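The values are calculated or read from the model by the stated rules, or taken from the named source; none is laboratory data. For clarity, every value in this text was computed on a predicted model and none was experimentally measured. As a convention, Cβ positions derive from the backbone with ideal geometry for all residues, glycine included, and neighbour counts pool all protein chains shown. Accessible surface areas use protein heavy atoms only, side chains included; no ligands, DNA or RNA. Shrake-Rupley method; radii C 1.70, N 1.55, O 1.52, S 1.80 Å.
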Amino acid sequence: QVQLVESGGGLVQAGASLRLSCAGSGRTFSSYGMGWFRQAPGKEREFVAGIRWSGDSTFYADSVKGRFTISRDNAKNTVYLQMNSLKPEDTAVYYCAVKRYSGCWDAPRDCDYWGQGTQVTVSS
């Protein structure tokens, strides 16, 4: 059974940092593009950051560029999202998702697997 399990969310003040992790199990994700999405209350799910299977290319939403960094450790089957200078508008449930051989950051409906999400709340 394939699973993606996010962790690292929490309640922090504006300006703080958090590091999210998404650990995969059930198969090796070294050939998968991996990405992070988020969904705030009353809003649609939106792309946050993505990384190719090789790790040599990363992509970010304009709203998080310069503040968030995505990385991966294929040996641990894990993708990370380092979030710095957090803002109240970053409050959302954060999900990781993967797609084999490519990424699904342009088309979330094409992602192969999703995690269950982790809540990030940033207070002002």
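Restricting the search to strands (runs of 3 or more DSSP E) fully inside the range 30-124 and requiring at least 2 residues that are out of contact with any helix residue (DSSP H, G or I) (no Cβ under 7 Å at 6 or more places or on another chain) and among the β-branched types (Val, Ile, Thr) gives 46-51, 68-73, 78-83, 92-100, 118-123. Take Gln13 and decide whether it is touching a residue at least 12 places away in the same chain (Cβ under 8 Å) and more than 25 Å from Thr121 (Cα to Cα). In short, no. Checked against (1) open to solvent by less than 50 Å² (accessible area, probe 1.4 Å); (2) under 12 Å from the mean Cα position of the chain (by Cα); (3) within 17 Å of Gly103 (Cβ to Cβ), Gly8 passes all but condition (3).
Conditions tested, residue by residue: (1) out of contact with any strand residue (DSSP E or B) (no Cβ under 7 Å at 6 or more places or on another chain); (2) aliphatic (A, V, I, L, M); (3) over 18 Å from Thr69 (Cβ atoms).
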site	(1), (2), (3)
Gln3	no, no, yes
Ser7	no, no, no
Val12	no, yes, no
Gly15	yes, no, no
Arg19	no, no, no
Gly24	no, no, yes
Phe29	no, no, yes
Phe37	no, no, no
Pro41	yes, no, yes
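Assess whether Tyr95 counts as being surrounded by 13 or more Cβ atoms within 10 Å (Cβ to Cβ), aromatic (Phe, Trp, Tyr) and out of contact with any Lys or Arg (no Cβ under 8 Å at 6 or more places or on another chain). No: the conditions fail for Tyr95. The number of residues in the range 16-40 that are within 26 Å of Ser123 (Cβ to Cβ) and of a type in the set (D, E, K, R) comes to 2. Going through the range 81-92 one residue at a time, which ones are surrounded by fewer than 21 Cβ atoms within 10 Å (Cβ to Cβ) and either closer than 15 Å to Glu6 by Cβ or without any contact (Cβ under 8 Å) to a residue 24 or more places away in the chain (or both)? Listed by number, the list holds a single entry, Gln82.
Among the residues of the range 46-70, those that are over 11 Å from the mean Cα position of the chain (by Cα), under 19 Å from Pro88 (Cβ atoms) and not small (Gly, Ala, Ser) comprise Asp62, Val64, Lys65, Arg67. Only one entry of Ala107, Ala75 meets the criterion of being closer than 18 Å to Ser21 by Cα, over 12 Å from the mean Cα position of the chain (by Cα), of a type in the set (A, V, I, L, M) and modelled with pLDDT under 95, and that entry is Ala75. Scanning the range 29-63 for residues that are among the β-branched types (Val, Ile, Thr) and either closer than 21 Å to Arg109 by Cβ or open to solvent by 90 Å² or more (accessible area, probe 1.4 Å) (or both) yields Val48, Ile51.
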